[in-house]
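**Student:** Quick one: the structure is below, and I'll ask about it shortly.
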Amino acid sequence: MARRALPIIRQLTARPTPVASLGAKPDPHTRSVTYMPRPGDGAPRPVTLIPGDGVGPLVTNAVEQVMEAMHAPLYFERYEIHGDMKRVPEEVLESIRKNKVCLKGGLKTPVGGGVNSLNVQLRRELDLYASLVNCFNLPGLPTRHDNVDIVVIRENTEGEYSGLEHEVVPGVVESLKVITKFCSERIAKYAFEYAYLNNRKTVTAVHKANIMKLADGLFLESCREVATKYPSIKYNEIIVDNCCMQLVSRPEQFDVMVTPNLYGNLVANTAAGIAGGTGVMPGAMMLRHLQFPSFADRLETAVKRVISDGKYRTKDLGGDSSTQEVVDAVIANLD
């Protein structure tokens, strides 16, 4: 994308902050969010659905119920895929390639035994190179830290997750970490572009280049080169172990964080735990991605009202409500 075109794109896609009418008080649960530009004309969109394993079917069914209650302009193409399968069927991959969007529950990966993860296979087959998680405080949900609003952008296709392992001799296993300039530059550009389009001020690169001087050194070099093209955005670097300590002590200092694969997994989960838990942190803002921002606003507002009210909360949030009771409460709070 040409750099000079960005201001025009931002004007077209950014949602302006609503102006309060005379005498009206702004709703404290609303949150102005812009989004990455995606093609779309408002027509109903097909979405590939993989309920997955464990709690996957429970939570994806919750999404289906809410989408139906909202009359959201989308429909699901369901496929039953499970982690014990040898590979993802080709028809599922074709559906995702066609629809460009997939709602997916977790697929169980057996620990050890040389079994490949279908989650990793999907990332490679479809080149899902960017994982984005936004971790922020929610009104009514007590946490140890305030003013947390962190976006973790993780490179999702290489690093320690390359899957290049072999036994050199009995009792000695070698695992290769792969870092390439192409993938490092690509994720850095994604992070800076996200920051630019969403009015973020700082991008912090997470690394361990003091020890892995070549691999993480290449990642840092790529981030630094990209940073020079975005002079309005402040660029920082932090070693991953110090990063974890800073996250649990002063998380409010972070804005957008860009990381290699493994570090991003750890940093995103730590940030989510600080802000209230993985159960309330959005990892794929599907309605915004599909360019249905009014539906996204309605859903976000309803969820925040339920959390702020505190009457219906699942056990991970300190309550005793069932998932279905929370779903019913969210639907009841839809405008």
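The values are calculated or read from the model by the stated rules, or taken from the named source; none is laboratory data. For clarity, every value in this text was computed on a predicted model and none was experimentally measured. When we count neighbours, we look across all protein chains shown, and the Cβ atoms used for this are built from the backbone with ideal geometry, even at glycine. Heads up: the accessible areas ignore ligands, DNA and RNA and are worked out on the full protein's heavy atoms, side chains in. Shrake-Rupley method; radii C 1.70, N 1.55, O 1.52, S 1.80 Å.
**Student:** How many residues are in contact with a helix residue (DSSP H, G or I) (Cβ under 9 Å, 6 or more places away or on another chain) and not in a helix (DSSP H, G or I) if we restrict to the range 87-99?
**Tutor:** Residues in the range 87-99 being in contact with a helix residue (DSSP H, G or I) (Cβ under 9 Å, 6 or more places away or on another chain) and not in a helix (DSSP H, G or I): 2 in total.
**Student:** Within the range 233-264, how many residues turn out to be closer than 28 Å to Gly105 by Cα and not β-branched (Val, Ile, Thr)?
**Tutor:** 9
**Student:** For the range 256-276, which positions are surrounded by fewer than 18 Cβ atoms within 10 Å (Cβ to Cβ) and in contact (Cβ under 8 Å) with a residue 40 or more places away in the chain?
**Tutor:** Correct list: Leu262 only.
**Student:** Of all residues in the range 291-312, count the ones that are free of Cβ contacts under 8 Å to residues at least 60 places away in the same chain and open to solvent by 40 Å² or more (accessible area, probe 1.4 Å).
**Tutor:** 4
**Student:** Still on this structure, I have one more. Answer with yes or no whether Leu262 is outside any loop (DSSP other than H, G, I, E, B) and closer than 30 Å to Ser162 by Cα.
**Tutor:** yes
**Student:** Working only within the range 53-73, note down all residues that are open to solvent by less than 50 Å² (accessible area, probe 1.4 Å), within 19 Å of the chain's Cα centre (by Cα) and among the hydrophobic types (A, V, I, L, M, F, W, C).
**Tutor:** Within the range 53-73, Ala62, Val63 qualify.
**Student:** Oh, and also: With the requirement that a residue be among the aliphatic types (A, V, I, L, M) and under 17 Å from the mean Cα position of the chain (by Cα), what does the range 108-137 give you?
**Tutor:** If the condition is that a residue be among the aliphatic types (A, V, I, L, M) and under 17 Å from the mean Cα position of the chain (by Cα), then Val120, Leu122, Leu126, Leu128, Ala130, Leu132, Val133 are the ones that fit.
**Student:** Would the range 95-107 turn up any residue that is of a type in the set (Ser, Thr, Tyr) and at pLDDT below 95?
**Tutor:** The answer is no; no qualifying residue exists.
**Student:** Tell me yes or no: at least one residue of the range 227-241 is buried (at least 18 other Cβ atoms within 10 Å of the Cβ), under 30 Å from Leu118 (Cβ atoms) and not hydroxyl-bearing (Ser, Thr, Tyr).
**Tutor:** Taking every residue of the range 227-241 in turn, at least one turns out to be buried (at least 18 other Cβ atoms within 10 Å of the Cβ), under 30 Å from Leu118 (Cβ atoms) and not hydroxyl-bearing (Ser, Thr, Tyr).
**Student:** Find the residue count for the range 214-259, including only residues that are within 13 Å of Val203 (Cβ to Cβ) and part of a strand (DSSP E or B).
**Tutor:** 9
**Student:** Working only within the range 265-299, note down all residues that are in contact with a Lys or Arg (Cβ under 9 Å, 6 or more places away or on another chain), in a loop (DSSP other than H, G, I, E, B) and closer than 24 Å to Gly106 by Cβ.
**Tutor:** Ala284, Leu290
**Student:** Another one. Mind telling me which of the residues Ala188, Ala205 ends up being in a helix (DSSP H, G or I), in contact (Cβ under 8 Å) with a residue 40 or more places away in the chain and under 27 Å from Gly273 (Cα atoms)?
**Tutor:** That would be Ala188, the only listed residue that is in a helix (DSSP H, G or I), in contact (Cβ under 8 Å) with a residue 40 or more places away in the chain and under 27 Å from Gly273 (Cα atoms).
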